[in-house]
Structure formats: C-alpha cells, structure tokens
There are 2 protein chains.
Amino acid sequence: MLSEWCSHNAYPCRVHEPKTTTTAGELPPTDPAKTRQTEPRPGTAAWWLARESEPARQRRRRALTLDAVLDAAMTLLDTRGAAALTMRNIADALGCTQASLYRHVRNREELVTLLIDRAIGPASSTPPDDLDWAEKAAWSARRFREHLLRHPGVASLLRGTERLGPNSLAGVQYSLELLIGAGLSPRLASAAASSLATFVIGSVHLNLGLDMSDPEEIRHRRLLYRSRDTATFPLLVQHADTLAEVSSDDEFEVGLHALLTGFRSLITNGPAELPTDGR
Amino acid sequence: MLSEWCSHNAYPCRVHEPKTTTTAGELPPTDPAKTRQTEPRPGTAAWWLARESEPARQRRRRALTLDAVLDAAMTLLDTRGAAALTMRNIADALGCTQASLYRHVRNREELVTLLIDRAIGPASSTPPDDLDWAEKAAWSARRFREHLLRHPGVASLLRGTERLGPNSLAGVQYSLELLIGAGLSPRLASAAASSLATFVIGSVHLNLGLDMSDPEEIRHRRLLYRSRDTATFPLLVQHADTLAEVSSDDEFEVGLHALLTGFRSLITNGPAELPTDGR
DNA sequence: AGCATAAGCTAACGGCGTTCGCATAACAGA
DNA sequence: TCTGTTATGCGAACGCCGTTAGCTTATGCT
C-alpha cells in the first residue's frame, strides 16, 4: 500500500529563521498581510513556485526526509483516517518528536497540501484507447472517484486548495487534451475540466461519513420522508420510498452523464448559449 | 444581518444522563457501535427523527435557549469565520461558560449540524414565474451559490452530512417539483437534484480560501503554467495566459449550463443512455 | 411550603498545533 | 586533522481546543 504513493523531488529542510525579533521600542509589523508577503500561503501558485526555486541543499544527519514524513502521514491517513492525522501521531510513527517535523514542513497546512498532491498521483490513469473523448472522460472520472472512495481520508482533506501540484497538473493537462481535442476552446475546456473535477470531488466529499446504501439508514430516511407534513412536502411524502433508495452512485452517474452531454452540446452548438460570456 | 437566520422550533435542554456508570465487576460495553445505537450520529435521518420525537419540555431559569446559542454561533461564523467557531467563543459571545452550551447541544458536531440547516434556510427563494424549468433551476442554483459565497463560513462547514434538516428538505422538495414537472422520473429527478446541489456546494467549497480573480494570484498562476516542462505539459504552457484567467465563475457557469443541458436531453431521450441503471 | 430538577457555574482533563532554546553530528576549508 | 558553521534532531513548554464531573441555584409543580 505504501508503494502506491509516488514520491517527488526532495527538498531541503526548513531553515529556522530567527523570526526577526522586534527589538525593544521598535514597532511590530503593522500589516502582517503585507509584511508576510514572503512565505506565501501553502497551495497557492506563488507557494508552489517559491518551493521549486529553493536551492536543493544537501541533507545531513540521520536523514529524516520530507518524503519519509509524507509517507508516514499517508499511511496514517489511510489506516486511521483524517482525524488521526496529527503531528504527534506522525512523529510517533516515525519515532521522532513533533518538533522535528517542523524542520521539514512549515506547518500542518503545508504538510496537508503536499500530501494531497501526492495522494492524487495514482488517481489518474489513461483510459483504453478505443473510446471516444466523452467515454474517456467518464472513465477517468470514475477512476478518480473510486480512488477517492478507497481513500476517504484523502477526500476529506481535498478542500479550499487550488490543485496546482505536479500530480494535479498532470490531471489538468490530460483533461485539456481530451476536451480541446474534442473541439472546445481552451478557455471553455479549462472551465469544463474543472467543473467536472469539482463535481467528482464534491460528490465524494459530501457523502464522506455516510453509507447511503446502508439498509438501516435507508429505512430511517424513508421514515423521515414519510413523516413530513404532506401539505408542505407533498413530493417527499409521495415518493418517500423511491427517494430513500437513491444512492450516491446514482447521483454520480446521473451528474456525470449530464455534464458530458452538456459538454457535447457545447461543442456542436458553440458557446453562444452561455450567459454573459464576456467579463 | 442576524434576522436573516430564521429560527425553527425550540427544543428542550439536554438531560444530563449519568453515563450509565459501570458498576465494579461489570463488563464495559463490548461493541460501542452497537450499544450506542441510542443517540444516533448528528445529521443522520435517525438523528433528525429522534430529535423531533423528544417531548418539548418547558424551559426554566434564565433562558439560554438553543436558538440563542445558534444565533450566537451564526453571527460568530459570519463575522469571524469558521476557525473562530469554538465553544469558548460562542460562550463568550453569550456571556456564559462553555459548559453551559452542553446543556443545549450534545457536542460541537450537533451544533454544527443544526447550524448548517439553519444557515441554508435563506438560500432558497422562488424564482420568477415566467421562466421555464431549466431557467428556474439555474436561477435557484445561482442564488444558492451567491448565498454561500456571501457566507463562506457556512460553506466551509457543509460537508459529510446529509441534508435532511427542515430547511434543506424545502430545497429538495422544490427541486423535485421542478424536475418531475419537467418530465423526469422521481428517481432520476432526485439523482439530478442532488447532483446539482453537489455541484453548487462543491464549486463553492473548493474555492473557499481563494480569490481566483486576484490579479496577483492570476499572475502567479500564469508564471507557474509558463514554467512547466513543455514536453510533459504542452497544453498548460501553450495556453498559460488563458488558463490563468479562468475564474471560478466561469467554471460554475459552464458546469451549470452543462448539467441542465444534460438533464434536458435526459428528458427528451429517456434514461436509456444511462449506464447500468439497474442495481 | 417543599421538593424535584432544569440549568447554570467552577475546575479540570487530555489532546492539539506550534515555538523556544539547546545539543549534536556532518560537512567545509584550513 | 582540526575548527567553525550549520543542518537537524530533541525536551519542554505555551495557549487553545472539546468535553466532563460535580456543585449550586433558581424554577415550576403539587
């Protein structure tokens, strides 16, 4: 399981900047958002760029590498879930102290950002060649979803971050290939690709702690729908049995199909129907 | 701003169950998942049902109601963000202690679950009558998204929970009205409605801490795309400028349009094209 | 009037992310 | 080979978090 997660390039350990100790009488930085313009927030384009331009110094000592930290975090995430992904647990798994982790990672957010990109790596795989573009897109989307469902911890961390890491970019490149090849403009292809990704991630994300196929849960849902007020929720009461049994797989397949159908019509009819395309 | 959040029915305070102190020699519960079958997890259908069937006892004393707690939590969430939504801060805002909150709420998860449903209330509003069903759906989806964008804290809490509260159900009822009225079967309408909701929530969720229209961020993205390896990421490099400027609004509009187009084709062509509909 | 109890408070627990200061091992240049 | 520099580990602590136990007090019912 461990070898599933590919490692990327190694980075030097973090330097321990003296935090610019404000000497007595000196004003503290007035606008932290401005003065901290160095060290951008993890996940932003600026952060990825800065990270790459850092010189790869040689590492020393007993080699607790960033990759080792991420490996430990990854297995922890897979085996014990997102809630167990604490600095303490990672350090314990590695046999070091929490403080040591901060030599390789600025903070937990940065660790998670790196982890997400690494975890997304094995999700992208090329579909069979004899499919048309829409079938290929559907194939990839399903694979991506299955990967996330297999690793719920990863899915629960996917949030609020642009997907700009090397592994994520590979997915973007592939989607663009598909959609531009199918006839969409680069701009529309980009928007379509990210809306598809949004849908896949969202559909996994919103059903995380849930087993919608659990018969007990279905029973409770049916009971809930049935017992609503008929006047205000007529359809819920009327179709309680049907609604209670709709699974997240159904939701995904219907949404996926609809999105791809929509993309196809966008190709044949052109983007004329998009509201207020200019902005 | 406070009055935007409608309150629902008041509930009795939580009783302080003595935790069934295991008398000496008695075995502790072997399988907690089984023995805790009472008190289901917040957000599940069973939990909403149990909550309703609780008798509404009269409240006493200086009236720190559940509604007051949720009001305080809501304003806190709106003004200081999700990270500031701590039991301590809520208690401080109310002028009480943290422990008092637990008289009205089992734990933080329950509070958040109630908060989410309450926060979703004002998001649903009926569109103008002279639109066709697809335009109405688009109108509602945009309103929902705008509401979430105005209240990012709410959006960041929307996760992993079924949307079964009274306010959420109102949205479901309305979507079903629209889609069944348009000609979809109840089952397909339900799947379509939740995939649409998933897309709206997901698209807000994944762009939470981000301002994709920030020129500085766009510049960095362009730089990032441009500096990729041309051999592995040809399209990213080639269309760097275009890609960097695609906004989350673009993504949303394209996805929304595609979904609705897909639904429409599902109505005219029937569900024959859905893969493996039977399960 | 008296009682049961709902509903507040004080104080504490363990766990979390993070930082400070120090120790030490590895390399660089002499 | 020695020496100074620096990367990289560690111990201990800080402040915040959610949660609980045990108490006190005010309330409404009989």
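Taking the accessible area of segment B:216-276, probe 1.4 Å, and keeping the other protein chains in place, the carbon and sulfur fraction comes to 50%. Compute the separation of the alpha-carbon centres of segment B:205-259 and segment B:112-133 and state it in Å as a whole number. After rounding, the separation between the Cα centres reads 30 Å. For the residues of B:111-117, the average number of beta carbons from a partner chain within 10 Å of their own beta carbon is 0. Neighbouring Cβ atoms from other chains, within 10 Å of the Cβ of residues in B:202-212, number 6 on average.
Ranked from shortest, the separations from the 7 Å Cα-to-Cβ label point of B:A99 to its equivalents in the other copies are 3.5 nm. Approximating the spin labels as points 7 Å out from Cα along Cα→Cβ, the A:E216-to-A:W139 distance works out to 4.0 nm.
Highest average first, the peptides A:122-134, A:230-242, A:165-177 ordered by how many other beta carbon atoms sit within 10 Å of their residues are A:165-177, A:230-242, A:122-134. Measuring from each Cβ of chain A to the axis that turns chain A onto chain B, the shortest distance belongs to A:G202, 1 (residue, then whole Å).
Calculated on the alpha-carbon coordinates, the convex hull of segment B:81-202 measures out at 109 cubic angstrom per residue. Per residue, segment A:170-213 exposes 28 Å² of accessible surface when a 1.4 Å probe is rolled over the protein heavy atoms with every protein chain present. For segment A:143-279, what class follows from the C-alpha gyration tensor (a ≥ b ≥ c being the square roots of its eigenvalues): rounded when a/c is under 1.5, otherwise prolate if a/b is larger than b/c, else oblate? Here segment A:143-279 falls in the oblate category. Per-residue shielding of A:226-238, expressed as the average number of other chain Cβ atoms within 10 Å of the residue Cβ, stands at 3.
Placing a label point 7 Å from the Cα of B:W139 along the Cα-to-Cβ direction, the distances to the matching points in the other copies come to 4.3 nm, shortest first. Distances between equivalent label points of B:E177 across the copies, with each point positioned 7 Å along Cα→Cβ, amount to 4.8 nm, shortest listed first.
The values are calculated or read from the model by the stated rules, or taken from the named source; none is laboratory data. Because the structure is a prediction, the values reported are computed rather than measured. Don't worry about glycine lacking a Cβ; one is built from the backbone with ideal geometry, like all the others, and counts go over all protein chains shown. Areas reflect the complete protein model, heavy atoms only, side chains present, ligands, DNA and RNA absent. Shrake-Rupley method; radii C 1.70, N 1.55, O 1.52, S 1.80 Å.
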